[in-house]
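Reading through the structure tokens given below for one structure.
No lab work stands behind these numbers, since they all come straight from the coordinates. The structure presented is a predicted model; accordingly, all values stated were derived computationally and were not measured. Reconstructed Cβ throughout: ideal geometry from the backbone, glycine too, with neighbour counts over all protein chains shown.
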Amino acid sequence: MMLEQDLGLRLTRQSGGRLSLSEVGQCYADYGERILSLSEEAREAAQSLSSDRRRNLCVWISHEMAWGWAIWVMNDFLARYPEYSLEARVLLPGAQPPLDEVDVWLACGQVQAHGLACQPLGRWQRRLYAASDPDACCCHLEDPDQIERCAWIELTGESEAIHLRHRDSGHSRYINPHARLRVNSLQTLADGIARGYGVGMLPAWVAECPRHGIMRGRLARILADWEIMPTDLFMLVRSGLRSKSVECLTAHMKSQLPVRWRL
């Protein structure tokens with residue numbers, strides 16, 4: 001081989017009639033792969049810096065986060081940093097963005113994406129809600145088993161079994177309500193519950209947050225003594241070297257996270 005002649009080393013060997021890498025050859029190949037990997041990282045870093053010069057960032061948002069705080073914090077960022085511009089794209093349930101088009105990805109629940117670094121961002125407390133109608137029977141439930149009496153609405157892809165924990169006693173219960181209506185957006189879920197079409201599980205801020213919630217006064221908490229496992233929020237960015245604009249945006253988002261969402 002020409003490479004072996006140039007190096008003055010044996011990189012291959014014959015074994016059972018087949019040509020394979022020698023120990024020296026394998027070592028050389030490993031270094032070659034590392035060099036190629038570094039070359040790819042360098043290319044991505046150069047693209048990142050080029051993007052920074054354009055000062056235009058693409059922010060992908062999981063559908064659960066596509067209203068309220070997310071749009072507010074992006075607008076607040078633009079007000080503080082007029083040299084930048086943002087393009088926000090909403091992901092439907094189960095969808096993932098093209099990874100080469102991601103500057104920042106706000107995700108509800110942990111996701112695995114090769115080439116992206118996943119950073120913990122915050123946490124949503126979740127609760128059970130019905131329409132704010134004092135005469136409705138589903139507003140006065142005393143036991144989790146009574147959920148079966150009520151129409152249940154849920155998000156597409158939501159886990160069927162819901163783990164409840166009593167706030168005072170610590171006693172655990174599991175409920176598995178049968179959903180006759182599933183929707184693929186948090187907005188539609190909240191609206192359906194508020195209109196009295198059924199009961200369901202929502203992030204507490206949707207019904208209760210004075211700043212970012214949009215259903216305040218239209219939803220009533222049910223089974224208030226029972227707590228639900230929270231939903232973790234994550235921020236994904238490209239692995240390796242990141243541009244100044246991405247660092248600036250992610251730092252701003254973290255600093256402006258609502259207090260009750262913080263870890």
Cα gyration tensor category, rounded, prolate or oblate, for the stretch 202-250 with a/c compared to 1.5:
oblate
Among the Cys residues of the chain, which have no other cysteine Cβ under 4.7 angstrom away?
Cys27, Cys58, Cys108, Cys118, Cys137, Cys139, Cys209, Cys248
From fewest to most C-beta neighbours within 10 Å, the residues Lys254, Lys244 line up as Lys244, Lys254
Sort Ile61, Ile71, Ile35 so the one with the fewest other Cβ atoms within 10 Å of its own Cβ comes first.
Ile35, Ile71, Ile61
With the Cα gyration tensor of the stretch 126-229 giving a ≥ b ≥ c as the square roots of its eigenvalues, does the rule (a/c under 1.5 for rounded; else a/b larger than b/c for prolate; else oblate) give rounded, prolate or oblate?
rounded
Spelling out what I want: for every residue of the stretch 251-262, take phi, set θ = phi - 60°, compute 6.51 cos²θ - 1.76 cosθ + 1.60 (Karplus), and round to whole Hz; glycine and proline get x.
5, 5, 4, 5, 6, 9, 5, x, 4, 6, 8, 6
List the residues, sorted by chain then number, that are 5 or more residues from Leu141 or on another chain and whose placed amide H is less than 5 Å from its amide H.
Leu223
How would Arg18, Arg89, Arg218, Arg238 line up from fewest to most surrounding beta-carbon atoms within 10 angstrom?
Arg18, Arg89, Arg218, Arg238
What is the set of long-range amide H partners of Gly196 at a cut-off below 5 Å, with H atoms built 1.01 Å from backbone N?
Ala131
Which whole-angstrom value gives the distance between the alpha carbon centres of the stretch 80-126 and the stretch 182-211?
22
Once the Cα atoms of helix 23-54 and of the chain are each reduced to a long axis, what angle between those two axes, in degrees from 0 to 90 to the nearest 10, is obtained?
50
Antiparallel bridge percentage (DSSP; both residues within the chain; nearest 5):
65
Return the calculated 222 nm mean residue ellipticity for the chain, to the nearest 500 deg cm²/dmol, obtained by summing -39500 (n - 2.57) across DSSP H runs with n ≥ 4 and dividing by the residue count.
-9000 deg cm²/dmol
Expected vector for the stretch 178-191, Karplus 3J(HN,Hα) from phi with 6.51, -1.76, 1.60 and θ = phi - 60°, integer Hz, x for Gly and Pro, equals 8, 8, 8, 9, 10, 10, 10, 9, 5, 4, 5, 4, 4, 5
Give a residue-ordered list of calculated ³J(HN,Hα) values for the stretch 63-71 (Karplus: 6.51 cos²θ - 1.76 cosθ + 1.60, θ = phi - 60°; whole Hz; x for Gly, Pro).
4, 5, 9, 7, 8, x, 4, 4, 5
